[in-house]
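One structure below.
The values are calculated or read from the model by the stated rules, or taken from the named source; none is laboratory data. Predicted model, so just to flag it, every value in this text is computed and none were measured. For neighbour counting, all protein chains shown are included, and Cβ atoms are generated from backbone atoms with ideal geometry for every residue, glycine included.
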Amino acid sequence: MLPAVQRLWEDRKLADADNTLRGALMVARRAAMSPGTGDAGLLFALDAEGVQHIYPIEQQPDPNLPPQLSEIVSQNRFVISPGQEYSLLEPIRAVPRYAIIEQDSNNEPYAFGPFELASDGPVYAPTPTQWQEAQRQRNHFSMVFSSDGQLEVWRDVLIFDADQDKQGIGDGFGDRTGLPVPNASSGSLDVAQYFVIDEEAFGARQAAIDPTGNGTPLQGLVIDPNASTPTAINFPSVDGVLIYDDSGFRAIDATGPSVIDRREYLLRTAQPLYVVPSTGEIVRGPLGESVVPE
């Protein structure tokens, strides 16, 4: 009976995760469509303890950025909304849908390779220096809706996480996610790089924006404040997630050919959950599906 009971328990956790994500996405979409508000969505991120959280986020442009950064960075700046946050029952997690798409010879922009599938922890290692490293990470991503209720697929999303009353951990920065946030007053964590989507060529990345020369530091979550070039994490808005058992995933060796087994594990066991970009409808797909419904 033990395997059957275990299977029932796993199914229950997957169903609970499905319900949690559906509810969170519907709340986020309603928030984005509310009059007088900006775009809104969800941030999926691991805290310093390695627990995946789902934070509601809302658009909040930075009025202090210079004009050359305002359009491409400020409009993509989001803050973590106060109050409600969501979490999935351990060891269930969500991963971007494109984690099961295999990289081809053309370097499919959002397909996962060995680096991304092997990255288990709440921080990036090594510190990202290229867009592939900064954008493809299964533990950190977002889903953002525009004011008309459409999912903003591949939208640049730069998260600023700060407790203005400084009642959080440390000096109040990074208090929700547990990840470092640059502190403009101290200047010690000014972000030197931010990788953005090149809208002229889908999937490609422009060279990292370097705002340090204009006297206005760029603020956003950084993965390694001690790196020689602190890099702000861009949490791209994805088109769907896979709900999966992370304990089974991590049990597979992440080195060498075994990385392929991790992708196969997701194909066999992960439950797809999509948002149809044009309508906002939340769709549950069959196991192993990699194509988002129209």
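Return the residues of region 167-190 that are modelled with pLDDT of 75 or more and either over 15 Å from the mean Cα position of the chain (by Cα) or not in a loop (DSSP other than H, G, I, E, B) (or both); say none if nothing qualifies.
The answer is GLY174, ASP175, PRO180, VAL181.
Need the failing condition index for TYR110 against (1) at pLDDT below 80; (2) closer than 24 Å to ARG22 by Cα; (3) more than 15 Å from the chain's Cα centre (by Cα), just the number.
In the conditions (1) at pLDDT below 80; (2) closer than 24 Å to ARG22 by Cα; (3) more than 15 Å from the chain's Cα centre (by Cα), TYR110 misses (3) alone.
Residue by residue through region 11-43, note down the ones that are surrounded by 20 or more Cβ atoms within 10 Å (Cβ to Cβ) and in contact with a Ser or Thr (Cβ under 7 Å, 6 or more places away or on another chain).
Answer for region 11-43, where residues must be surrounded by 20 or more Cβ atoms within 10 Å (Cβ to Cβ) and in contact with a Ser or Thr (Cβ under 7 Å, 6 or more places away or on another chain): ALA32, ASP39, GLY41, LEU42, LEU43.
Against the condition in a loop (DSSP other than H, G, I, E, B), out of contact with any helix residue (DSSP H, G or I) (no Cβ under 7 Å at 6 or more places or on another chain) and modelled with pLDDT under 75, how does ALA4 come out, does it pass?
It is false that ALA4 is in a loop (DSSP other than H, G, I, E, B), out of contact with any helix residue (DSSP H, G or I) (no Cβ under 7 Å at 6 or more places or on another chain) and modelled with pLDDT under 75.
Please work out which residue is farthest from the chain's Cα centre (by Cα), limiting yourself to region 83-106 and to residues that are at pLDDT below 80 and either farther than 28 Å from VAL283 by Cβ or in a strand (DSSP E or B) (or both). Break it down stepwise before answering.
We begin by selecting, within region 83-106, every residue at pLDDT below 80; these are 83, 102-106.
Retained after the next criterion (residues that are either farther than 28 Å from VAL283 by Cβ or in a strand (DSSP E or B) (or both)): 102, 105.
On the way: GLU102: 19, SER105: 25 Å.
If we take residues in region 83-106 being at pLDDT below 80 and either farther than 28 Å from VAL283 by Cβ or in a strand (DSSP E or B) (or both), then SER105 is farthest from the chain's Cα centre (by Cα).
Which of the numbered conditions does ASP62 fail, given that it passes all the others? Conditions: (1) assigned to a loop (DSSP other than H, G, I, E, B); (2) in contact with an Asp or Glu (Cβ under 7 Å, 6 or more places away or on another chain); (3) not hydroxyl-bearing (Ser, Thr, Tyr).
In the conditions (1) assigned to a loop (DSSP other than H, G, I, E, B); (2) in contact with an Asp or Glu (Cβ under 7 Å, 6 or more places away or on another chain); (3) not hydroxyl-bearing (Ser, Thr, Tyr), ASP62 misses (2) alone.
Give the number of residues within region 82-94 that are surrounded by fewer than 19 Cβ atoms within 10 Å (Cβ to Cβ) and of a type outside the set (Phe, Trp, Tyr).
8
Of (1) of a type in the set (S, T, N, Q); (2) more than 20 Å from GLU58 (Cα to Cα); (3) modelled with pLDDT of 80 or more, SER228 satisfies all except one. Which?
In the conditions (1) of a type in the set (S, T, N, Q); (2) more than 20 Å from GLU58 (Cα to Cα); (3) modelled with pLDDT of 80 or more, SER228 misses (3) alone.
Under 7 Å between Cβ atoms, which residue pairs at least 6 apart in sequence (or on different chains) link something in region 41-57 that is among the polar types (S, T, N, Q) with a partner that is in a loop (DSSP other than H, G, I, E, B) and surrounded by 15 or more Cβ atoms within 10 Å (Cβ to Cβ)?
GLN52/LEU88; GLN52/ASN139
Considering only region 250-280, state which residues are free of Cβ contacts under 8 Å to residues at least 60 places away in the same chain and either buried (at least 19 other Cβ atoms within 10 Å of the Cβ) or assigned to a helix (DSSP H, G or I) (or both).
Once the filter is applied, which keeps residues that are free of Cβ contacts under 8 Å to residues at least 60 places away in the same chain and either buried (at least 19 other Cβ atoms within 10 Å of the Cβ) or assigned to a helix (DSSP H, G or I) (or both), region 250-280 yields SER258, ILE260, ASP261, GLU264, TYR265, ARG268, THR269.
Run LEU21 past the list (1) of a type outside the set (Val, Ile, Thr); (2) out of contact with any Leu (no Cβ under 8 Å at 6 or more places or on another chain); (3) under 22 Å from GLN135 (Cβ atoms); (4) at pLDDT 90 or above and report the number of the one that doesn't hold.
Only one criterion is unmet by LEU21, namely (2).
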